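**Q** Here it is, the structure, as structure tokens.
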Amino acid sequence: MKPGLWGAAAGAIAMAVVGFSYLGWTTNATAEKLAQDKANTAVVSALVPFCVVKAKDDPNLATLTKFQAEQSSYSRSDIVMKAGWATLDGGASGNDALARACAEKLHVAKAS
């Protein structure tokens, strides 16, 4: 009886190690974090076109010209934040992830 219990315990431990390491098992906290990351990515992807339209419709052409002349991706996203293009209606401050994605989209559109 004793060797059977030791074997079952060793098998359970080995299965847990293999499951979490190689079979893709995750804890609840990890699954929730992954789901939140995917949701945030989806929201940013959905809002990028609105940010681009805000940038192109901005009456202050000097800001868009400064953006197009900027080489640093950090500076481009900072310009997007300061111009308010990444600010959602009613929001007090811009969304950093949206600003980076919008700056990248505007930069790619400029290069095309």
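**Q** Restricting to the stretch 37-80, and then to whatever is aliphatic (A, V, I, L, M), touching a helix residue (DSSP H, G or I) at 6+ places or on another chain (Cβ under 8 Å) and under 13 Å from Leu106 (Cα atoms), can you tell me which residue is modelled with the lowest pLDDT?
**A** Leu64
**Q** In the stretch 81-94, how many are under 17 Å from the mean Cα position of the chain (by Cα) and modelled with pLDDT of 80 or more?
**A** 3
**Q** Can you tell me which of (1) under 14 Å from the mean Cα position of the chain (by Cα); (2) within 30 Å of Ala16 (Cβ to Cβ) is the one Cys102 doesn't meet?
**A** (2)
**Q** I would also like to ask the following. I need the helices (runs of 4 or more DSSP H) fully contained in the stretch 1-110, keeping only those with at least 2 residues that are loosely packed, with under 12 Cβ neighbours inside 10 Å.
**A** The helices (runs of 4 or more DSSP H) meeting that bar are 2-22, 28-57, 61-69.
The values are calculated or read from the model by the stated rules, or taken from the named source; none is laboratory data. These numbers were taken from a predicted model, which means no experiment stands behind them. With ideal geometry, Cβ positions are generated from the backbone for all residues, glycine too; neighbour counts draw on all protein chains shown.
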